[in-house]
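> Quick one: this structure, given as structure tokens, is what I'll be asking you about.
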There are 2 protein chains.
Amino acid sequence: MVHCVNASYHHGDLRRALIEAAVAAVGEVGVGSLSLRAVAKRAGVSHAAPAHHFGDKAGLLTAVAAEGHDRFADALERAWQTTGDFVEVGVAYVRFAIDHRPYFEIMFRPELLHTDDPELDRASRRSREMLHRGTDGPGPGEAANGYSTAALAAWSVVHGFAELLLAGNFDPAIDDDPEGVLREVVRQLRF
Amino acid sequence: MVHCVNASYHHGDLRRALIEAAVAAVGEVGVGSLSLRAVAKRAGVSHAAPAHHFGDKAGLLTAVAAEGHDRFADALERAWQTTGDFVEVGVAYVRFAIDHRPYFEIMFRPELLHTDDPELDRASRRSREMLHRGTDGPGPGEAANGYSTAALAAWSVVHGFAELLLAGNFDPAIDDDPEGVLREVVRQLRF
DNA sequence: AACGCGATCTTTCCATCGTCAAGACCTTGC
DNA sequence: GCAAGGTCTTGACGATGGAAAGATCGCGTT
């Protein structure tokens, strides 16, 4: 039993193919118009194939979100270790939202996901930890809730910027150099 | 011709009833699971009735979003004129998101709306202007794009806080006193 | 070497959805 | 009154997500 964990019989690696197809589809039509059947067609399988690997639509999106959080954590960690500047972690946050929009569109939408999924939990916990690097630690910031005020402020500002930008709520002029604008915005924070 | 603008024949004021039914439905199941047919049933009309008043689903959501932006602008203006403190405008921003969640869930999601609708344009422009009160004006903040850096930072931080809070991405402990936490978060901004 | 089991995928079916077209009803203006 | 047009209903269609049942295939066992 358990012939092939995560492996392949008929298709090769359908699980992987479906995730990639989902990401591509979300990139084209948005998560709101994502159709399981379109994803299946894109991967060259029948419309019911995804259900076997992911249970349901939320299951597929959960797998995408988990992968997204992993990549996200990687990007944030890279930024932190490269520059040592927490502002640059914030820039990386928004950079990821822009460059990997399909992932980002899904990652922070629990209503689309199976929030009890252990893989998602592990990955999102990892990306969450990366966010606290730099703001947490020495500073005071009451930890009555799980976060320091500085971490909450930083998270809120970069997340809000990313959401408003991606949704198109900003002046289009910002699209020319979102990084530059964001850098100035983040500098408005006291650390 | 044009017997009754916005008025009532068979039903009373179906347009109004449908908007209220939509708000109630979004409050219960979220905008993602909103069904036009459920809204119609809630208003006591046939499943195709909404189409006549709003064209399509996006049309109904557009009307809801426009009404939301009007109420939103009212709330922000009230906060500004009452306190004169821009921090309190930010608090009112998040307060609105919490207290009128169904509206807020829709207002900043252009992909769900008819963004060319004149009513929506007027209302959202109004709420946008309220946001710039207090940050704009005297300060420098390059206006290369439409906003000052301070306004962008303030908007981003309150919007991000609201989104993360509503989506449930924060520690549940914050739900006890989101206003208090937000006030400290906003104070992390230099004005 | 043959069997059987379980994993993988397909096919078929169903309820629900948004939208469209056609018709019924009702109010208003003439 | 009567035509006209706004209001709403009915019925239908294609698309969707999901459930159920069957077909196909590879592996471990004997």
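> Restrict the check to region B:66-86 and report whether at least one residue is exposed (fewer than 14 other Cβ atoms within 10 Å of the Cβ) and either within 8 Å of DNA strand C (Cβ to nearest atom) or not in a helix (DSSP H, G or I) (or both).
Taking region B:66-86 as the starting set, the residues that turn out to be exposed (fewer than 14 other Cβ atoms within 10 Å of the Cβ) are B:81-85.
Still in the running and either within 8 Å of DNA strand C (Cβ to nearest atom) or not in a helix (DSSP H, G or I) (or both): B:84-85.
Among the residues of region B:66-86, at least one is exposed (fewer than 14 other Cβ atoms within 10 Å of the Cβ) and either within 8 Å of DNA strand C (Cβ to nearest atom) or not in a helix (DSSP H, G or I) (or both), which makes the answer yes.
> Looking only at region B:182-191, filter to residues that are open to solvent by less than 20 Å² (accessible area, probe 1.4 Å) and at the interface with another protein chain (Cβ under 7 Å from one of its Cβ atoms); which one of those is modelled with the highest pLDDT?
Filtering region B:182-191 for residues open to solvent by less than 20 Å² (accessible area, probe 1.4 Å) gives B:182, B:185-186, B:189.
Imposing the further condition that a residue be at the interface with another protein chain (Cβ under 7 Å from one of its Cβ atoms) reduces the set to B:185, B:189.
On the way: B:VAL185: 96, B:LEU189: 92.
Applying the filter and picking the extreme gives B:VAL185.
> Continuing with the same structure: Please state which of the following conditions A:LYS57 fails to meet, knowing it meets all the rest: (1) more than 24 Å from A:ARG190 (Cα to Cα); (2) open to solvent by less than 40 Å² (accessible area, probe 1.4 Å).
(2)
> Kindly evaluate A:GLU111 against the criterion of being part of a helix (DSSP H, G or I), among the acidic types (Asp, Glu), without any contact (Cβ under 8 Å) to a residue 24 or more places away in the chain and out of contact with any Leu (no Cβ under 8 Å at 6 or more places or on another chain).
Criteria met by A:GLU111.
> Also, I was wondering about something else. Mind checking whether some residue in region B:66-86 is touching a Leu at 6+ places or on another chain (Cβ under 6 Å) and at pLDDT 95 or above?
So in region B:66-86, the residues touching a Leu at 6+ places or on another chain (Cβ under 6 Å) come out as B:66.
Narrowing the set further to residues that are at pLDDT 95 or above leaves B:66.
Yes, some residue in region B:66-86 is touching a Leu at 6+ places or on another chain (Cβ under 6 Å) and at pLDDT 95 or above.
> Working only within region B:154-174, note down all residues that are more than 7 Å from chain A (Cβ to nearest Cβ) and farther than 16 Å from B:TYR93 by Cα.
Selection gives B:PHE170, B:PRO172.
> Continuing with the same structure: Of all the helices (runs of 4 or more DSSP H) wholly in region B:8-65, which have at least 1 residues that are within 14 Å of DNA strand D (Cβ to nearest atom) and of a type in the set (Phe, Trp, Tyr)?
Qualifying helices (runs of 4 or more DSSP H): B:49-54.
> Given the conditions (1) at pLDDT below 80; (2) more than 9 Å from chain B (Cβ to nearest Cβ), report the number of the one that A:ALA151 does not fulfil.
(1)
The values are calculated or read from the model by the stated rules, or taken from the named source; none is laboratory data. Quick caveat, the model's predicted, so the values are computed rather than measured. Don't worry about glycine lacking a Cβ; one is built from the backbone with ideal geometry, like all the others, and counts go over all protein chains shown. For accessibility, only protein heavy atoms count, side chains too; no ligands or nucleic acids. Shrake-Rupley method; radii C 1.70, N 1.55, O 1.52, S 1.80 Å.
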